[in-house]
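In what follows, a structure is listed as structure tokens, so that the remarks can point back to it.
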Amino acid sequence: MTKATKIYALLGRAVDYSYSPLIHNYAFRELGLPCHYTVFNIADPDLVQEALRGARALGIAGFNVTIPYKKTVVPFLDELSEGAASIQAVNTIVNENGKLVGHNTDIEGFAAPLLPYLESIRGKRVSIFGGGGAALAAIEAFSRFFTPAEILLFVRDPEKARSLLNESGYDRNVPITIISQERPELIRNSRVIVNATPVGTRGGKGDSSIIPLDRELLHPDQIVYDMVYNPLNTPLLEAAQHAGATTISGIEMLIGQAERSFTLWTNMKMPIAAVRAALLQEIQKQQSLIAD
């Protein structure tokens, strides 16, 4: 690091497990950029505003934002991109000479690995588990790129979910049904199932072997997409593979959104092939250590 080093960071709570520092620091090194990426854990939501104020003062060049602050940061930013404004959730912040601009690269990052299945998704039902910023990004991606017949949103708190949708100003032509209990017939008939909750995260609270739905509802005609990326093969994906379903790991979304964040910060293309290889090597290394 030198005096000219630009600092980027991940804002979240208890997110030391994140692979984002590895991804971005590897890309910075590959391109010879004087930049460094780190993690800022903020335990108290009331400190988020102070953290962003400090970022302006210190000239921190940009942030990724993750659980649980994707919506928390919105009122404290100077400007939102169209994507971020559409769902009132931010996962990337760019410091433009003291002006903090919020973006949401989760939307396109989420959509990217699903695009090969576009025609088989259009006009079909999709189910999303979760009612936070990640779920909103998935809703926006489905509405913008795939036009399913219906989006089912499975949440623990329907009122909170309705409030989030209202705040986001969601007005797309794809109907959304909010459901607070497992409806087997609806889940079983969904073309895509998305886990937009932290359930299954390694090191997360609770039993990391659980999944957000009954395993018996999974079958070969489904696409199961888990936004959790640590571990690489989550309990949900393992159950889906066992049922013969097509699976998409959260690592694909992680790389997709990171690539777009990287370009927003640097105006350069991330060396994706090299980053993916380094990331998978690190994951395999960690999994070997756990197995030992």
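The values are calculated or read from the model by the stated rules, or taken from the named source; none is laboratory data. The structure presented is a predicted model; accordingly, all values stated were derived computationally and were not measured. Using ideal geometry, Cβ is built from the backbone for each residue, glycine included, and neighbour counts are taken over all protein chains shown.
State all residues of region 26-38 that are surrounded by fewer than 17 Cβ atoms within 10 Å (Cβ to Cβ) and under 21 Å from the mean Cα position of the chain (by Cα); if no residue qualifies, say none. Once the filter is applied, which keeps residues that are surrounded by fewer than 17 Cβ atoms within 10 Å (Cβ to Cβ) and under 21 Å from the mean Cα position of the chain (by Cα), region 26-38 yields only THR38.
Region 61-146 holds strands (runs of 3 or more DSSP E) entirely within its bounds, and those carrying 2 or more residues that are in the same structural domain as THR263 (by TED's automatic domain parsing) map to 62-65, 92-96, 99-103. The set of residues in region 134-181 being of a type outside the set (S, T, N, Q), surrounded by fewer than 22 Cβ atoms within 10 Å (Cβ to Cβ) and closer than 23 Å to SER81 by Cβ consists of ARG144, PHE145, LEU165, GLU167, GLY169, TYR170, ASP171, ARG172, VAL174, ILE176. Filtered by the rule that a residue be closer than 13 Å to LEU52 by Cα and among the β-branched types (Val, Ile, Thr), region 91-119 gives THR92, ILE93, VAL94, VAL101. For region 39-51, the set of residues classified as surrounded by fewer than 13 Cβ atoms within 10 Å (Cβ to Cβ) and assigned to a helix (DSSP H, G or I) consists of PRO45, ASP46, LEU47, GLU50, listed by residue number. Of all residues in region 13-36, none satisfies being at pLDDT 95 or above, part of a strand (DSSP E or B), closer than 19 Å to ARG276 by Cβ and in contact with a helix residue (DSSP H, G or I) (Cβ under 8 Å, 6 or more places away or on another chain).
Of the residues THR38, THR66, THR72, the single one that is closer than 18 Å to THR266 by Cβ and hydroxyl-bearing (Ser, Thr, Tyr) is THR38. Would it be correct to say that LYS269 is free of Cβ contacts under 8 Å to residues at least 40 places away in the same chain, not assigned by TED's automatic domain parsing to the domain that holds ARG202 and not in a helix (DSSP H, G or I)? Taking the combined requirement at face value, the residue satisfies it. Against the conditions (1) within 16 Å of the chain's Cα centre (by Cα); (2) assigned to a loop (DSSP other than H, G, I, E, B); (3) surrounded by 20 or more Cβ atoms within 10 Å (Cβ to Cβ), MET253 satisfies every one except (2).
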